[in-house]
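A short write-up of the structure that comes next.
Computed from the coordinates by the stated procedures, all read-outs in this text should not be read as laboratory data. Computed from a predicted model, the values in this text were never measured in an experiment. With ideal geometry, Cβ positions are generated from the backbone for all residues, glycine too; neighbour counts draw on all protein chains shown.
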Amino acid sequence: MSLNYENLSLKQWCELCHSIAKEKGFWDEKRNIGEALMLIVTELAEAMEGYRHQDHDNFREELADTFIRLFDLCGGLGIDIQAEIVKKSEKNKLRPYKHGKIC
Ligand SMILES: [Mg+2]
């Protein structure tokens, strides 16, 4: 039976991405969190390359990789990213225009 991806919550995406990463051995040893964060950055750099080369399929795929690595990390660390996004969005709504920056 295939999974219905359409209605997954962010928490479910974190659980799914983390379970796949664990199954593939990426959590066999204690994760270096700094390295995990930089691997997320490398996916964004790969997306930038896809964009620069006007390789739209690659651009979209690397953005997906970015989310997959981020969801995996949140899942592995037990972070409720949905709750964190809600909290931060509420905070951002109260900030001034362009967050008070002049330029
Ligand atoms: Mg990639």
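Reachable aspartates and glutamates from Lys93, Cα under 15 Å, same-chain residues fewer than 8 places away excluded?
Glu84
7 Å from Cα along Cα→Cβ at both Leu94 and Ser9: what's the point-to-point distance in nm?
2.4 nm
Between the DSSP loop rule and a limit of at most 11 other Cβ atoms within 10 Å, which trypsin sites (Lys or Arg not before Pro) in region 1-44 are left?
Numbers: sites: Lys11, Lys22, Lys24, Lys30, Arg31; in loops: Lys24, Lys30, Arg31.
Answer by residue number: Lys24, Lys30.
What is the dipole size for the chain, taken about its Cα centre, with +1 at each Lys and Arg Cβ and -1 at each Asp and Glu Cβ, in debye to the nearest 20?
840 debye
Which chymotrypsin sites (Phe, Trp or Tyr not before Pro) from region 1-92 combine a DSSP loop assignment with at most 16 other Cβ atoms within 10 Å?
Counting only loop positions with at most 16 other Cβ atoms within 10 Å, the chymotrypsin sites (Phe, Trp or Tyr not before Pro) in region 1-92 are Phe26, Trp27.
Which of the listed residues, Phe67, Leu44, Ile79, is farthest toward the dipole's positive end in the chain, when Lys, Arg count +1 and Asp, Glu count -1 at the beta-carbon?
Ile79
Starting from the Cα of Lys22, draw a straight line to each of the lysines and keep only those under 24 Å, dropping any in the same chain fewer than 8 residues away.
Answer for Lys22, where 24 Å is the Cα cut-off: Lys11, Lys30, listed by chain and number.
Please give me, ordered by residue number, the trypsin sites (Lys or Arg not before Pro) of region 64-103 that lie in loop per DSSP and have at most 16 other Cβ atoms within 10 Å.
Numbers: sites: Arg69, Lys87, Lys88, Lys91, Lys93, Lys98, Lys101; in loops: Lys101.
In loop regions of region 64-103 (DSSP not H, G, I, E or B), the sparsely surrounded trypsin sites (Lys or Arg not before Pro) are Lys101.
Restricting the calculation to Cα positions, tell me the Rg (one decimal) and the Dmax (whole number) of the chain in Å.
16.3, 54
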